[in-house]
1. Among the residues in segment 57-73, are any surrounded by 10 or more Cβ atoms within 10 Å (Cβ to Cβ) and touching a helix residue (DSSP H, G or I) at 6+ places or on another chain (Cβ under 8 Å)?
2. Given the criteria exposed (fewer than 11 other Cβ atoms within 10 Å of the Cβ), without any contact (Cβ under 8 Å) to a residue 12 or more places away in the chain and not aliphatic (A, V, I, L, M), does ASN39 qualify?
3. For segment 37-86, name all the residues that are among the β-branched types (Val, Ile, Thr), in a helix (DSSP H, G or I) and under 27 Å from GLY19 (Cβ atoms).
4. For segment 1-29, how many residues are within 20 Å of the chain's Cα centre (by Cα) and outside any loop (DSSP other than H, G, I, E, B)?
Amino acid sequence: MLKMATCSFCKKNYSEHKGVVIFTNDGRTLSYCSSKCRNNANLGRDPKKVNWIRKREDMRKIREDKEKAKRAVLADKEREKIEEKKSEKRAAKK
């Protein structure tokens with residue numbers, strides 16, 4: 001199974017065998033998923049201010065919200081099924 005590394009610039013998870021890993025003189029390990037991330041980091045850019053990272057984070061948040069909504073709907077359906085079974089058992093006892 002492949003291990004996943006995290007980009008030091010954009011915080012994206014990527015396959016460990018791809019990308020670049022840089023070891024600094026002070027012992028830090030910097031891993032980059034692409035040359036785009038490596039070059040932006042070398043230019044001293046702030047990842048919070050780079051538009052393409054912000055757009056990716058916004059899309060991730062939207063995707064997570066949709067997944068949470070789906071889970072909530074499924075949980076509600078499961079609760080309804082459980083309540084129906086309980087009411088059937090109560091009716092059968094009487």
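1. For segment 57-73, residues surrounded by 10 or more Cβ atoms within 10 Å (Cβ to Cβ) and touching a helix residue (DSSP H, G or I) at 6+ places or on another chain (Cβ under 8 Å): absent.
2. Considered against the rule, which asks whether it is exposed (fewer than 11 other Cβ atoms within 10 Å of the Cβ), without any contact (Cβ under 8 Å) to a residue 12 or more places away in the chain and not aliphatic (A, V, I, L, M), ASN39 comes out as no.
3. Hits for segment 37-86 are ILE53, ILE62.
4. Final tally of qualifying residues: 6.
Laboratory data are not the source of any read-out in this text; all were calculated from the coordinates shown. Remember, predicted model here, so these are calculated numbers, not experimental data. Note that each Cβ is placed from the backbone with ideal geometry, even for glycine, and that neighbours are counted across all protein chains shown.
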